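**Student:** Here's a structure for you.
The values are calculated or read from the model by the stated rules, or taken from the named source; none is laboratory data. These numbers were taken from a predicted model, which means no experiment stands behind them. Glycine gets a Cβ as well: all are built from the backbone with ideal geometry, and neighbour counts include every protein chain shown. With ligands, DNA and RNA removed, areas are computed over all heavy atoms of the protein, side chains included. Shrake-Rupley method; radii C 1.70, N 1.55, O 1.52, S 1.80 Å.
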Amino acid sequence: MTNLGQQRNKYLLKNTVIFSIGNFGTKIISFFLVPLYTNILTTREYGTVDLIYTIGMVLVPLLTLNIGESIMRFALDKDADCDKIMSTGITILIFGAIIGLLILPIANLFESVSNYSIYIYLYTLTLAFSQIFLCYLRGKEFLLKYSIGNIIQSLTIAIFNIIFLIGMKKGIEGYLMAYILANVCTGLYGFWAGKVNLVIKKYSIDIELSKNMIKYSVVLIPNSFMWWIMNSSDRMMVSAMISVTANGVYAVAYKIPTLLSTITTIFNQAWSYSAIREDESEDKEEYNNRVYENLVTIVIVVATGLLMIMKPFLSVYVGKEYYAAWHYVPYLIVGFVFMTLGSFIATSYTVHKDSMGFLISGTVGAIINLILNFILIPMMGVSGAAFATCISYFGVFVYRIKDTQKYIKLRVFKRKQICGYALLILSAMTCYLDNCIGQTLLVIEFICIILLNKEFVKGMLKIIFKIKTN
């Protein structure tokens, strides 16, 4: 391997390890909280808090103009003036907090959340507060501090949930209070770790910079909304067209593919830094293709492994009334595979500050998702929502393949990859053989995936063994 290749791999590996610290710590804590939620909250209560969580995720980019994305991207430029960049972010956060007061009267109009209007406002405001300062840490490449911030957020969520749900028996209010206080703690940490107090002392607004930042981030607001449609609108439609109880079970189904997305999110976060750094290199196309091929292998192996253990795992992981969630997991896992690959491909948009690429591809997925939800939920129930999500992710994946050819040409349908996709879909279908034969077939299919990618698996095992012996 050349010195250049070693430097590339070392940089990517270093960032991957740092993001792993934060993401795995976060997900492990969240992972162990699910049994707490599913044994204390009823399916209806869990459906309600999931609905409020979803609303908050939509409101944050609207109230902040999605400025966190601009803070992160613009701070990565070589000649970035981080003080002026953060000054713009702070200004928009203050205006967002004032405009956000409109949430209170609007939320009171809807019976399902009218009792929780103040919680929705506080959750949205504190989430924006924490996100903006964490994005600032990422933009300045304080990646270890960023990862610690994620751990603090998850750890405080766990501590406050134990206090409010188990100790004080606060139910829905306790769940929401836990998230609000955790966001405050995370935001204060981000403020301190990023030394934002020094930014405030040097507070300065550069009008031209602010315009460029807002121009970049505003286009990402509809994109965030489109991703919300793909990720969360189905839960709102399940609540409206079936019941909040059904949404509670469906929300639990999302927890399994989240394990897959955790691994791949870590990699994609680290990869974005490498992609920006490698944009001017002569062999960037070949390098991108090598990394992409390895990512395809990883996600397919992990996805088929999750399908294999899904039902036995859920039987001990969640309360009995949530076990039916397994019916929806196969669709979601397949969908999350293509979402992950689509996110990797979209790195080209980040490198070239092409927010329109994000918007259009997100719009394609959202339209597919909405149309299929309206058609399939009445026909298939909750399974229709899961299937619609799967197809919309695949639609975004295909669109981005074609659209990013102007930046870089990825080889995305090689024979080996197609075989992997076929085995993945076969495993998803096999899950619906709900007996010993079906479980045995899932094991066989997983072994086939390992054999298909044996060279990669051998390489990974050698690396792991080498790390252990050193």
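**Student:** Which one is most open to solvent (accessible area, probe 1.4 Å) among residues in the range 433-453 that are of a type outside the set (A, V, I, L, M, F, W, C) and either at pLDDT 85 or above or more than 29 Å from the chain's Cα centre (by Cα) (or both)?
**Tutor:** Asp434
**Student:** Also: Checking the condition more than 27 Å from Ile418 (Cβ to Cβ) and without any contact (Cβ under 8 Å) to a residue 12 or more places away in the chain, which residue from Tyr323, Tyr317 passes?
**Tutor:** Answer to the check: Tyr323.
**Student:** With the checklist (1) surrounded by 20 or more Cβ atoms within 10 Å (Cβ to Cβ); (2) within 30 Å of Leu314 (Cα to Cα); (3) at pLDDT below 75 in hand, flag the one item Gly56 doesn't pass.
**Tutor:** (3)
**Student:** With the requirement that a residue be open to solvent by 40 Å² or more (accessible area, probe 1.4 Å) and farther than 10 Å from Pro222 by Cα, what does the range 357-369 give you?
**Tutor:** Val364, Ile367, Ile368
**Student:** Within the range 137-152, which residues are open to solvent by 20 Å² or more (accessible area, probe 1.4 Å) and not aromatic (Phe, Trp, Tyr)?
**Tutor:** Arg138, Lys140, Glu141, Leu144, Lys145, Ile148, Asn150, Ile151, Ile152
**Student:** Next question, about the same structure. Checking Glu69 against (1) part of a helix (DSSP H, G or I); (2) more than 23 Å from Ile200 (Cα to Cα), which single condition isn't satisfied?
**Tutor:** (2)
**Student:** Tell me yes or no: at least one residue of the range 106-118 is at pLDDT 85 or above and buried (at least 21 other Cβ atoms within 10 Å of the Cβ).
**Tutor:** no
**Student:** Follow-up question, since we're still on this one. Assuming Ile418 fulfils every condition listed in (1) out of contact with any helix residue (DSSP H, G or I) (no Cβ under 6 Å at 6 or more places or on another chain); (2) more than 26 Å from Ile377 (Cβ to Cβ); (3) at pLDDT below 85 apart from one, which condition is it?
**Tutor:** For Ile418, the exception is condition (3).
**Student:** Going through Ser204, Ser217, Ser210, Ser239 one at a time, which residue ends up being of a type in the set (S, T, N, Q) and at pLDDT below 75?
**Tutor:** None of the other options fit; the residue is Ser239.
**Student:** Report, by residue number, each residue of the range 77-105 that is within 30 Å of His352 (Cβ to Cβ) and open to solvent by 50 Å² or more (accessible area, probe 1.4 Å).
**Tutor:** If the condition is that a residue be within 30 Å of His352 (Cβ to Cβ) and open to solvent by 50 Å² or more (accessible area, probe 1.4 Å), then Lys78, Asp79, Asp81, Lys84, Phe95 are the ones that fit.
**Student:** If I ask for residues that are touching a residue at least 24 places away in the same chain (Cβ under 8 Å) and not in a helix (DSSP H, G or I), which ones from the range 86-138 would you list?
**Tutor:** Correct list: Ser112, Val113.
**Student:** Inside the range 404-415, can you point out the residues that are assigned to a helix (DSSP H, G or I) and either surrounded by 13 or more Cβ atoms within 10 Å (Cβ to Cβ) or touching a Pro at 6+ places or on another chain (Cβ under 9 Å) (or both)?
**Tutor:** Thr404
**Student:** Out of all the residues in the range 376-385, is one or more modelled with pLDDT under 85, under 19 Å from the mean Cα position of the chain (by Cα) and either within 28 Å of Pro330 (Cβ to Cβ) or not in a helix (DSSP H, G or I) (or both)?
**Tutor:** Yes, the range 376-385 has at least one match.
**Student:** Please find, within the range 341-356, the residue that is surrounded by the fewest Cβ atoms within 10 Å (Cβ to Cβ) out of those that are of a type in the set (Gly, Ala, Ser) and more than 24 Å from Tyr250 (Cα to Cα).
**Tutor:** This residue is Ser348.
**Student:** State whether the residues of the range 153-161 include one that is surrounded by 19 or more Cβ atoms within 10 Å (Cβ to Cβ), assigned to a helix (DSSP H, G or I) and among the hydroxyl-bearing types (Ser, Thr, Tyr).
**Tutor:** yes
**Student:** Please go through the range 288-308 and give me each residue that is open to solvent by 10 Å² or more (accessible area, probe 1.4 Å) and either over 16 Å from Thr430 (Cβ atoms) or at pLDDT below 85 (or both), ordered by number.
**Tutor:** Selection gives Asn288, Arg290, Val291, Glu293, Asn294, Thr297, Ile298, Val301, Val302.
**Student:** Only one of (1) open to solvent by 30 Å² or more (accessible area, probe 1.4 Å); (2) in contact with a helix residue (DSSP H, G or I) (Cβ under 8 Å, 6 or more places away or on another chain) fails for Phe164. Which number is that?
**Tutor:** If we test Phe164 against (1) open to solvent by 30 Å² or more (accessible area, probe 1.4 Å); (2) in contact with a helix residue (DSSP H, G or I) (Cβ under 8 Å, 6 or more places away or on another chain), just (1) comes out false.
**Student:** Right, something else. Could you identify the single residue in Tyr399, Tyr393 that is modelled with pLDDT of 85 or more, within 30 Å of Gly47 (Cβ to Cβ) and buried (at least 20 other Cβ atoms within 10 Å of the Cβ)?
**Tutor:** After ruling out the rest, the residue left standing is Tyr393.
**Student:** Here's another thing I want to ask about it. Does Gly420 meet the test of being touching a residue at least 60 places away in the same chain (Cβ under 8 Å) and within 26 Å of Ile242 (Cα to Cα)?
**Tutor:** The answer is no for Gly420.
**Student:** What are the pairs with Cβ atoms under 7 angstrom where one residue, in the range 385-409, is on the phi > 0 side of the Ramachandran plot and the other, located anywhere, is in a helix (DSSP H, G or I)? Sequence gap at least six, or different chains.
**Tutor:** Close Cβ pairs satisfying both conditions: none exist.
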